[in-house]
Amino acid sequence: MFEGQPQSEIDALVKADPEFKQLYQRHKTLDKKCMDAELGVLPIDADTLAQMKREKLLAKERLQRLYDQKVN
């Protein structure tokens with residue numbers, strides 16, 4: 001998700017910022033569920049998958065904003 005950014009900065013934000021940590025974990029969970037659904041491992045309908053993808057994108061955008069605020 002944070003290609004090009006040092007993992008140490010991400011880890012520090014996860015430890016220091018509860019909102020960042022919650023969003024980061026939520027994004028990871030949604031990412032796994034979306035991948036499982038696309039592989040056919042997690043049986044869900046197309047509408048649910050689309051909703052999960054939208055939620056994942058919103059979490060990613062919020063994480064990026066938080067990261068930019070804290071690091072820059």
Once you put a point 7 Å from the Cα of Asp11 and another 7 Å from the Cα of Asp36, both along the Cβ direction, what distance in nm separates them?
-> 2.7 nm
Can you pull out the GluC sites (Glu not before Pro) in the chain that DSSP calls coil and that have at most 12 other Cβ atoms within 10 Å?
-> Glu3
How many Lys pairs in region 8-71 lie less than 23 angstrom apart by Cα atoms, where the lysines are 8 or more positions apart or on different chains?
-> 23
In sequence order, calculated HN-Hα J values of region 28-36 (Karplus, 6.51, -1.76, 1.60; Hz; x Gly/Pro) = 4, 5, 5, 4, 5, 5, 5, 5, 4
GNM top mover of Leu13, Leu30, Leu39 - the chain, alpha-carbon springs below 10 Å = Leu39
Answer with a single label: of (i) 19, 47, 24, 10, 0; (ii) 17, 37, 23, 14, 7, 2, 0; (iii) 19, 37, 17, 16, 10, 1, which was calculated as P(r) over Cα pairs in 10 Å bins from 0, in percent from the structure in view?
-> (i)
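Can you give the extra length, in nm with one decimal, that the chain gains between Arg26 and Met1 once fully stretched, where that is 0.36 nm per residue apart less the Cα-Cα distance?
On the way: separation 25, 0.36 × 25 = 9.00 nm, distance 1.26 nm.
Here the segment from Arg26 to Met1 would lengthen by 7.7 nm.
Each value in this text was obtained by applying a stated rule to the coordinates, not by laboratory testing. Small disclaimer: the values here were computed from a predicted structure and weren't measured. Using ideal geometry, Cβ is built from the backbone for each residue, glycine included, and neighbour counts are taken over all protein chains shown.
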